[in-house]
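**Q** Sharing a structure below in structure tokens format, with a few things to ask.
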Amino acid sequence: MNTERVLRRGFTRKEGKMQFLMIALCIAGFGDDLPITGEGPGWSPVDAEIQFEVLNDYHITWADKICGMAYVPIFPFSPDPLVLFSTQDSAKTLNPATGAPGNFSECRPDGSGLGFGIAVDNIDSTIVLNSETNTNLWYYLGGEDWLTAPNPAGTNGTGLTCEGDGYYWQGNGTGLMRLKINGPSTNFSNMAPSGISGVTIVPSDDPSKTRILVTTYDTDTFVLWEFDGGSMTQIATGVTPPSLNADRRCGLCWDSSRNSLFFAYQKSDDTYRICELNFEVLSMPQDTWAGIKSAF
């Protein structure tokens, strides 16, 4: 079945009493609420380290650029969960277990500009897109046409992820923005040492709190934050695994079926890759961090 088509429609199939929604593509829309600026605590090295282990590394030959990523457990025409990733002009998929292309490729809506972030609400099959050249968000609500709404981050919106309960997070320069469909948005500033590119929700030890992992486009830094419903606390920092030889860092997504992180990056030869990472947070001895902090 040819799935190269403009993003327009959702599909449903009924089998007996079971109805399976075959993904409706949607972007989170907003009303007239202006973003509320919340002063972030400010990024800095902390006494905990994110340790990464490279599990798989896939060369992506069927896309000329990778921007944002999202995990999709149930996808049209696929028996397996897929990693969905955005390019500047389309959305494509990857089989996370094999590295093979998924059987899904969609063009961005006409007029939506160059793409960047992509997020999926796996409860209602909503997919969220933003743009680095268009100040609108583009969203699909199950009808015939795409809708648009102002993006509170304007063209600064980058990586996107879905928190749940209608909330999303996106990068906003060096800040993070939390937003809700047709609701308010809150911006936390100074959350990374340079422009944020990848954003994803990762598991938290405390289910009442949300952990958000971010990476930056032009530095090796990863920063892990925890949101308690009102304020942000920095949990740990880490660096891109040196073995990847990453020149630019792009999207992030957490794959709950594999309990692993997927990370898109660009090498110096302009090829794009997506790797699978295991990560854990380790406390570091105070004397080790003392030398590191003295450099800042």
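**Q** crowded, with 20+ Cβ neighbours inside 10 Å, over 21 Å from residue 65 (Cβ atoms) and among the polar types (S, T, N, Q), is that true of residue 151?
**A** no
**Q** Determine the pairs where a residue that is assigned to a helix (DSSP H, G or I), located within segment 143-162, has a partner that is hydroxyl-bearing (Ser, Thr, Tyr) with Cβ atoms under 7 Å apart, the partner being 6 or more residues away or on another chain.
**A** Sorted first by the residue in segment 143-162, then by its partner, the pairs are 154/135; 155/131; 155/133; 155/135.
**Q** Go through the residues of segment 189-204 one by one and say whether even a single one is without any contact (Cβ under 8 Å) to a residue 40 or more places away in the chain and either in a strand (DSSP E or B) or crowded, with 17+ Cβ neighbours inside 10 Å (or both).
**A** Yes, segment 189-204 contains a residue that is without any contact (Cβ under 8 Å) to a residue 40 or more places away in the chain and either in a strand (DSSP E or B) or crowded, with 17+ Cβ neighbours inside 10 Å (or both).
**Q** What are the residues in segment 158-178 that are among the hydroxyl-bearing types (Ser, Thr, Tyr), surrounded by fewer than 23 Cβ atoms within 10 Å (Cβ to Cβ) and in contact with a Lys or Arg (Cβ under 9 Å, 6 or more places away or on another chain), if any?
**A** Within segment 158-178, just 167 meets the criteria.
**Q** So, one more: Can you tell me how many residues within segment 222-250 are within 17 Å of the chain's Cα centre (by Cα), at pLDDT 95 or above and crowded, with 19+ Cβ neighbours inside 10 Å?
**A** Qualifying residue count for the region: 7.
**Q** Moving to a separate point now. May I ask you to list pairs of residues, at least six apart or on different chains, whose Cβ atoms are under 6 Å apart, with the first in segment 42-62 being closer than 18 Å to residue 250 by Cβ and the second being among the small types (Gly, Ala, Ser) and crowded, with 18+ Cβ neighbours inside 10 Å?
**A** 50/236; 50/238
**Q** Does residue 181 satisfy the criteria of being touching a strand residue (DSSP E or B) at 6+ places or on another chain (Cβ under 7 Å) and either β-branched (Val, Ile, Thr) or surrounded by fewer than 18 Cβ atoms within 10 Å (Cβ to Cβ) (or both)?
**A** Answer is no for this residue.
The values are calculated or read from the model by the stated rules, or taken from the named source; none is laboratory data. Just so we're clear, the structure is a prediction, and the values are computed from it rather than from any experiment. Cβ: placed from backbone, ideal geometry, glycine included. Neighbour counts: every protein chain shown.
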